[in-house]
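The values are calculated or read from the model by the stated rules, or taken from the named source; none is laboratory data. Fair warning: this is a prediction, and the values are worked out from it, not measured in the lab. When we count neighbours, we look across all protein chains shown, and the Cβ atoms used for this are built from the backbone with ideal geometry, even at glycine.
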Amino acid sequence: MSRHIDTALLSAYARDETDQATSMALEAHLATCAACRASLACFVDTERQQRGWEAIRGAIVARRGALEALLAKAGMADGDARLVAATPSLRASWLIAVSVALGFAVAAGYQSANGRLVFLVVAPLLPVAGVAAAYGPRVDPTYEIGLAAPLSSFRLLLLRAAAVLTATTVLAGLAGLMLPGPQWTAVAWLLPALGLTLGSLALSTVIAPLQAARSISLGWVVTVTAVTVPAQDKLALFDPLGQIVFALLAVVGSVILVWRRAEIEQGRPG
Amino acid sequence: MSGIHGGVQVVGVRKRFGRTCALAGVSLDAYRGVTGLLGPNGAGKTTLLQVLATVMTPDSGWVRLLGYDPADSCDRTEIRRRLGYLPQELRFYPAFTAFEFVDYVAVLKEHTDRRARHREVSRVLDAVGLGTVAGAPIRALSSGMRQRIALAQALLGDPRLLVLDEPTTGLDPEQRLYLRDMILHLGEDRVIVLATHLTEDISALCHHVVVMNAGTITFDGTPEELSGLARGKVWVAASRHPEALRSWRTARGQFRNLGDPPSGAQLADPTIEDGYLSLLSAQVRKAVA
């Protein structure tokens, strides 16, 4: 944009004929440029001008955080970006905690021949915890208000779950690249993570989300222990047959989640 | 489906939490104006408001809100489009500013157009007198200001039904007067159901009062009818009367007694508080008997 806004563009803005991205850019400029604000006043009547100032005031005070700006830049709708950016388990403190846990798991991989197992056990648990903390009673301060609002709670849950899954996948993927040993172990946690997360979401339509995550996590640790302790190959659980089982778990979890979506719209168990 | 202009109709609603019976067959009608729910802690007021706000599904009973059935998913969405809800304990994202928080709720309320949404957020913040602190972080605001932010989000979209759980809690007297004035104004063409512990709220705001106790409705009428329950049962004396059901010292150092007055007692005009206490005392006496 040049130093001052073109009059044709100002005129279009005054008539509400500019698209959202253009309007946002114009409002950012108008917030700081008295000359352009004065020019804008020529194009609008008093009432429209007042509404315009309110929108500009909104642009000033409704600042975007780094994550929200990133999501908007990636093409996510303005409102969805705001909903996702408020996710408790996408805060910097949470992501740092996830990174630290992954760091320890990777370090364990260098300690012994079976150290990679630690990473493969820990990595799938991180999205389970993150998704459980993303939306629901006790974890989201505005949960009750959100439930009383017309926006679909199921959609909000999926939006946030997808965002948390993406963030933890990126972090765990980067950590996996640092693991010693065969390359396939860097991604062998992906399907278990998906299966456990969707299983946990499905279970959360029956019991509280945090309780569901705890139950699934406990079940995971017990299963890994039961399978690996007697086995010769400590990574047997992550072989192709195991991956098929985890993929099936993801499919079953998805079906149950969609089937029981009404429970989420009405209010998740607390 | 009936029209959207109906009020609130609740018939025989029951809700249990384990062994605790929160609502034991509650029936209630509320139309345009302000209906106040009064009752002690644990009476079931919040549970009833949660049912009216569609965030709690009753175990049984019949509910219609603005003519819609909240048990039906499509109707429930229609209700939510016309609903403003202030829960008892609203928590905030502490890093948000007042504007960002209300803007976030506006997104939840399907205000998708950004410019129109920001105008609406500005409007409701101005309505609660917080336009000048819109850009301040919530964690830096007083509890009274936070309560007004909570009310502002409930006003988004000009809702036809307002469900407010203790809206005046945490406000100083001036803010309370401001808020009462606003609620009265809103109640002129909306259905408002609010819960409160303050009998002053009832006398200042409500044309209709409902008293709840132990999950049941024990009174349903006008504020005048509630205070009338204590007519002829309130007297002022220099000392606490041993036969009085309730007796408390007033600011003037006299004792206000509630019960069957002795002969020659100086009877006083009953207040809503007298009527409420008289009702509760009668229930306690009945339960003991």
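Please pick out the residue among B:GLY36, B:GLY61, B:GLY84, B:GLY7 that is modelled with pLDDT of 95 or more, within 17 Å of the chain's Cα centre (by Cα), more than 13 Å from every other protein chain (Cβ to nearest Cβ) and more than 13 Å from B:GLY215 (Cα to Cα).
Values: B:GLY61 fails: within 17 Å of the chain's Cα centre (by Cα); B:GLY84 fails: more than 13 Å from every other protein chain (Cβ to nearest Cβ); B:GLY7 fails: modelled with pLDDT of 95 or more.
Sole residue among the options that is modelled with pLDDT of 95 or more, within 17 Å of the chain's Cα centre (by Cα), more than 13 Å from every other protein chain (Cβ to nearest Cβ) and more than 13 Å from B:GLY215 (Cα to Cα): B:GLY36.
Filter the helices (runs of 4 or more DSSP H) completely within segment A:66-154 down to those with at least 1 residues that are away from chain B (no Cβ under 12 Å). Reasoning before the result, please.
Working: elements: A:66-73, A:78-85, A:92-109, A:116-132, A:143-147.
Helices (runs of 4 or more DSSP H) meeting the threshold: A:66-73, A:92-109, A:116-132.
For segment A:229-270, name all the residues that are surrounded by 14 or more Cβ atoms within 10 Å (Cβ to Cβ), among the charged types (D, E, K, R) and in a loop (DSSP other than H, G, I, E, B).
Hits for segment A:229-270 are A:LYS234, A:ARG260, A:ARG268.
When you scan segment B:31-55, how many residues do you find that are buried (at least 24 other Cβ atoms within 10 Å of the Cβ) and of a type in the set (Gly, Ala, Ser)?
Here the count works out to 4.
Which numbered condition trips up A:ALA8, out of (1) modelled with pLDDT of 85 or more; (2) within 30 Å of A:LEU156 (Cβ to Cβ); (3) assigned to a helix (DSSP H, G or I); (4) not acidic (Asp, Glu)?
Unmet for A:ALA8, out of (1) modelled with pLDDT of 85 or more; (2) within 30 Å of A:LEU156 (Cβ to Cβ); (3) assigned to a helix (DSSP H, G or I); (4) not acidic (Asp, Glu): (2).
Quick grid of which residues meet (1) surrounded by fewer than 23 Cβ atoms within 10 Å (Cβ to Cβ); (2) hydrophobic (A, V, I, L, M, F, W, C); (3) under 24 Å from A:ALA77 (Cα atoms); (4) out of contact with any Asp or Glu (no Cβ under 8 Å at 6 or more places or on another chain):
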| site | (1), (2), (3), (4) |
| --- | --- |
| B:ALA136 | yes, yes, no, yes |
| B:ARG146 | yes, no, no, yes |
| B:ALA150 | no, yes, no, yes |
| B:VAL163 | no, yes, no, yes |
| B:ASP181 | yes, no, no, yes |
| B:GLU188 | yes, no, no, yes |
| B:ALA195 | no, yes, no, no |
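Which numbered condition in (1) within 9 Å of chain A (Cβ to nearest Cβ); (2) of a type outside the set (Ser, Thr, Tyr); (3) more than 30 Å from B:ILE272 (Cβ to Cβ) is the only one that B:ASP72 fails?
(1)
Identify all residues within segment A:120-175 that are crowded, with 22+ Cβ neighbours inside 10 Å and basic (Lys, Arg); write none if there are none.
Within segment A:120-175, A:ARG160 is the sole residue that qualifies.
From the list B:LEU125, B:LEU108, exactly one residue is at the interface with chain A (Cβ under 9 Å from one of its Cβ atoms) and either surrounded by fewer than 22 Cβ atoms within 10 Å (Cβ to Cβ) or in contact with a helix residue (DSSP H, G or I) (Cβ under 8 Å, 6 or more places away or on another chain) (or both). Which is it? Show your work before the answer.
On the way: B:LEU125 fails: at the interface with chain A (Cβ under 9 Å from one of its Cβ atoms).
None of the others qualify; the one that does is B:LEU108.
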